[in-house]
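A.B. asks: Below is one structure. I have some questions about it.
The values are calculated or read from the model by the stated rules, or taken from the named source; none is laboratory data. This structure is a prediction, so every number in the text was calculated from the model and none was measured. Note that we place each Cβ from the backbone using ideal geometry, even for glycine, and neighbour counts take in every protein chain shown.
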Amino acid sequence: MPVARFVGINVVVDDLRRAADAARDAAATAGGVDLPEALSGIAPGMAGSAAAGAADRLAQVWRTKLDDWVRDTGAYADGLAASADAYAATDDDEANRFRGN
């Protein structure tokens, strides 16, 4: 298991990659969830009430927030993967420099 060592810190590159994969999986799973569907029966069942309008607004908020979370979690996963690549490349470069390559 490659471990990048930098001034007092150790980075386990494989752990960063696993964390990136887990974040991607979470985003993919959450992206398939239809939160607004859980509220779909409220508005027809309570037509004309304040609850019906509130349920419709809440469904919109849930959709927006979930989409934002999926997007942000995907970006987080990309950042973790990029960090793993950078740590691994730096570690490889330093190992080669140490060996005189």
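A.B. asks: Of the numbered conditions (1) closer than 25 Å to ALA20 by Cβ; (2) aromatic (Phe, Trp, Tyr); (3) free of Cβ contacts under 8 Å to residues at least 12 places away in the same chain, TYR87 satisfies every one except a single condition; which is it?
C.D. replies: Evaluating TYR87 over (1) closer than 25 Å to ALA20 by Cβ; (2) aromatic (Phe, Trp, Tyr); (3) free of Cβ contacts under 8 Å to residues at least 12 places away in the same chain leaves (3) as the failure.
A.B. asks: Give the residue that is modelled with the lowest pLDDT, with candidates limited to residues of segment 14-36 that are surrounded by 16 or more Cβ atoms within 10 Å (Cβ to Cβ) and either within 9 Å of the chain's Cα centre (by Cα) or over 14 Å from ASP78 (Cα atoms) (or both). Reasoning before the result, please.
C.D. replies: Within segment 14-36, the first condition is being surrounded by 16 or more Cβ atoms within 10 Å (Cβ to Cβ), and the residues that meet it are 16-17, 19-20, 23-24, 26-27, 36.
Still in the list and also either within 9 Å of the chain's Cα centre (by Cα) or over 14 Å from ASP78 (Cα atoms) (or both): 20, 23-24, 26-27, 36.
Numbers: ALA20: 98, ALA23: 98, ARG24: 98, ALA26: 98, ALA27: 97, PRO36: 90.
Per the stated criteria, the residue is PRO36.
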